[in-house]
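First up is the structure itself, then whatever we jot down about it.
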Amino acid sequence: MKTVEIKTDHKMELVDITEEVRREVERSGVGEGLVNVYTRHTTASIVINEDEEGLLKDFLASLQRIVPDDIYNYLHNRIDNNASSHIRSLILSPGVCIPITAGGPWLGTWQSIFFLELDGPRRRSFAITILGE
Ligand code: ZN
């Protein structure tokens with residue numbers, strides 16, 4: 001497992017980590033297998049989609065509509081005032097698993113891997129774990 005540290009700059013932000021993952025798969029020498037990308041934060045997620053500026057803004061805006069910041073009296077806000085960040089993370093996933101074939105991650109032409117910050121700015125980390133032969 002390789003741990004990668006990143007620093008985010010905004011409350012909500014998508015950080016493209018595709019090249020980091022691709023490099024790690026190539027470095028491993030694994031030809032056929034799986035690569036898992038995982039974060040152990042409860043207010044962040046790992047997602048895959050198209051790296052298109054408008055779409056990424058639409059996605060963050062949609063998350064804010066699906067889970068609004070302050071129209072509910074979230075019980076968790078009594079603790080550290082970030083219930084909406086946790087719930088946005090809960091409806092997504094802390095990680096993704098991608099097939100490896102021919103020595104690289106089997107991503108579609110328009111697929112990129114993102115670290116999704118939901119309660120930044122913060123120092124964050126994610127892990128890349130590779131299985132296979
Ligand atoms: Zn919290």
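Taking the mean number of other Cβ atoms within 10 Å as a proxy for protection, how do you rank 103-113, 122-132 from highest to lowest?
On the way: 103-113: 14.6, 122-132: 16.4.
Most protected by this proxy first, the peptides run 122-132, 103-113.
State whether the chain is rounded, prolate or oblate according to the following rule on the C-alpha gyration tensor (a ≥ b ≥ c being the square roots of its eigenvalues): a/c under 1.5 gives rounded; otherwise a/b larger than b/c gives prolate, and the remaining case gives oblate.
Numbers: a/c = 2.53, a/b = 1.93, b/c = 1.31.
It comes out prolate by the Cα gyration axes.
Given the alpha-carbon gyration tensor of the stretch 7-73, what are the semi-axes of its equivalent ellipsoid in whole angstrom, ordered largest first, with each equal to the square root of 5 times an eigenvalue? Present the calculation step by step, with values, prior to reporting the outcome.
On the way: eigenvalues 177, 39, 23 Å².
Ellipsoid half-lengths, sorted descending, are 30, 14, 11 Å.
Roughly what % of Cα-Cα distances in the stretch 59-133 sit above 15 Å, to the whole percent?
Values: 1859 of 2775 pairs.
Result: 67 percent of Cα pairs exceed 15 Å.
Multiply the residue separation of residue 125 and residue 92 by 0.36 nm, subtract the distance between their alpha-carbon atoms, and state the gained length in nm to one decimal.
Values: separation 33, 0.36 × 33 = 11.88 nm, distance 1.73 nm.
Residue separation times 0.36 nm, minus the Cα-Cα distance, leaves 10.2 nm.
How much net charge surrounds residue 59 when only the other residues with a Cβ under 12 Å from the Cβ of residue 59 are counted, with Lys and Arg +1 and Asp and Glu -1? Could the numbers behind the result be given before it?
Numbers: positive: 57, 65, 88; negative: 13, 50, 51, 52, 53, 58.
Once all neighbours under 12 Å are counted, the net charge is -3.
Averaging sequence separations of C-alpha pairs under 8 Å and six or more residues apart, then dividing by the length of the chain, give the relative contact order as a whole percent.
Details: 260 pairs, mean separation 74.6, N = 133.
Worked out over the chain, it gives 56 percent.
For the chain, what is the accessible area per residue in Å² when the probe is 1.4 Å?
Details: 7850 Å² over 133 residues.
Per residue, the chain has 59 Å² of solvent-accessible surface.
Starting from the Cα of residue 27, step 7 Å toward the Cβ, then list every residue of the stretch 96-128 with an amide N under 14 Å from that point.
Once the point is set 7 Å along Cα→Cβ of residue 27, 126-128 turn out to lie under 14 Å by backbone N, inside the stretch 96-128.
Once you place label points 7 Å from the Cα toward the Cβ at residue 19 and residue 71, how far apart are they in nm?
4.0
What's the FRET efficiency of residue 81 with residue 58 using the Cβ-Cβ distance as r and R₀ = 25 Å, to the nearest 0.05?
Working: r = 26 Å, r/R0 = 1.05.
Computed FRET efficiency for residue 81 and residue 58 comes out at 0.45.
Of all the accessible heavy-atom surface of the stretch 1-106, with the other protein chains kept in place and a 1.4 Å probe, what percent is carbon and sulfur?
Details: 3390 of 6500 Å².
After summing per-atom areas, the C and S share lands at 52 percent.
For n ≥ 4 DSSP H runs only, could you compute -39500 (n - 2.57) per run for the chain, divide by its residues and tell me the 222 nm figure to the nearest 500? Display every interim value, and only then the final one.
Numbers: 3 runs with 33 residues, N = 133.
Estimated from H runs of four or more residues: -7500 deg cm²/dmol.
Taking the Cα atoms of the stretch 76-118 alone, what are Rg (to one decimal) and Dmax (as a whole number) in Å?
15.6, 50
Output the peptides 37-44, 4-11 sorted from most to least packed, where packing is the average of other Cβ atoms within 10 Å over each peptide's residues. Don't skip to the end; give the middle numbers.
Values: 37-44: 19.2, 4-11: 13.4.
By packing density, highest mean first, the sequence is 37-44, 4-11.
The values are calculated or read from the model by the stated rules, or taken from the named source; none is laboratory data. Bear in mind that the values here come from a model prediction, so they are computed numbers and not experimental data. Glycine gets a Cβ as well: all are built from the backbone with ideal geometry, and neighbour counts include every protein chain shown. We work out accessible area using only protein heavy atoms, side chains counted, and drop any ligands, DNA or RNA first. Shrake-Rupley method; radii C 1.70, N 1.55, O 1.52, S 1.80 Å.
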